[in-house]
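The values are calculated or read from the model by the stated rules, or taken from the named source; none is laboratory data. A quick note: this is a predicted structure, and the numbers were derived from the prediction, not measured. Note: ideal-geometry Cβ built from the backbone for every residue, glycine included; neighbour counts use all protein chains shown.
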Ligand code: HEC
């Protein structure tokens with residue numbers, strides 16, 4: 001019985017390797033205009049999912065993990081693509097800058113699963129500040145909005161937990 005189950009799993013595993021996965025890297029048509037200081041950070045921590053220059057790791061060739069990786073890249077590129085941003089829709093970097101700064105300061109980007117596999121993608125406080133300052137230069141007032149949001153979230157968090165001694 002166990003042998004049959006193992007055989008079934010083996011056949012299924014081999015079988016799903018034949019499901020096609022799109023690992024294409026389309027051409028970079030309109031690279032985002034961002035300063036080098038910001039580029040270095042996002043190239044390291046964001047480009048695998050948010051550009052057409054994805055570095056596909058070996059496990060992106062092994063189903064079913066490949067499905068998850070390809071899904072992240074597909075959705076990531078759809079939401080924000082540094083290779084097709086140019087200076088943004090209508091020549092404006094306002095919306096992207098705002099979203100990028102929020103995502104990194106609030107810490108929901110880069111995706112946690114990605115950082116587990118790519119520890120070098122973890123952003124330092126200083127790097128988050130560089131991104132936030134760049135975004136502030138495009139969207140004046142953004143920094144205080146983000147800081148307020150963050151504080152509001154933190155105070156809700158500490159109300160929820162017993163440990164409110166952090167502040
Ligand atoms: C492992 C892949 C991955 C990495 C690495 C990654 N992202 Fe994302 N990102 C996603 C996915 C997938 C989404 C789509 C939203 C979702 O489904 O959670 C997303 C969504 C976003 C959004 C939301 C856009 C919107 O429409 O609201 C922003 C902004 C963003 N990412 C910025 C970044 C930045 C900045 C970095 C680097 C610091 C980064 N991401 C790194 C996968 C990634």
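Is there a residue being under 11 Å from the mean Cα position of the chain (by Cα) and within 10 Å of the ligand (Cβ to nearest atom) anywhere in the stretch 57-74? Scanning the stretch 57-74, I find at least one residue that is under 11 Å from the mean Cα position of the chain (by Cα) and within 10 Å of the ligand (Cβ to nearest atom), so the answer is yes.
Filtering the stretch 138-147 down to residues that are surrounded by 12 or more Cβ atoms within 10 Å (Cβ to Cβ) and assigned to a helix (DSSP H, G or I), which residue is modelled with the lowest pLDDT?
This residue is 147.
For the stretch 92-109, filtering for residues that are outside any helix (DSSP H, G or I), surrounded by 14 or more Cβ atoms within 10 Å (Cβ to Cβ) and more than 9 Å from the ligand (Cβ to nearest atom) leaves 1. Taking the criterion of being in contact with a helix residue (DSSP H, G or I) (Cβ under 9 Å, 6 or more places away or on another chain), assigned to a helix (DSSP H, G or I), within 10 Å of the ligand (Cβ to nearest atom) and modelled with pLDDT under 95, would at least one residue in the stretch 117-131 satisfy it? Scanning the stretch 117-131, I find no residue that is in contact with a helix residue (DSSP H, G or I) (Cβ under 9 Å, 6 or more places away or on another chain), assigned to a helix (DSSP H, G or I), within 10 Å of the ligand (Cβ to nearest atom) and modelled with pLDDT under 95, so the answer is no. Residue count for the stretch 77-91, restricted to those that are within 11 Å of the ligand (Cβ to nearest atom), part of a helix (DSSP H, G or I) and in contact with a helix residue (DSSP H, G or I) (Cβ under 8 Å, 6 or more places away or on another chain): 2.
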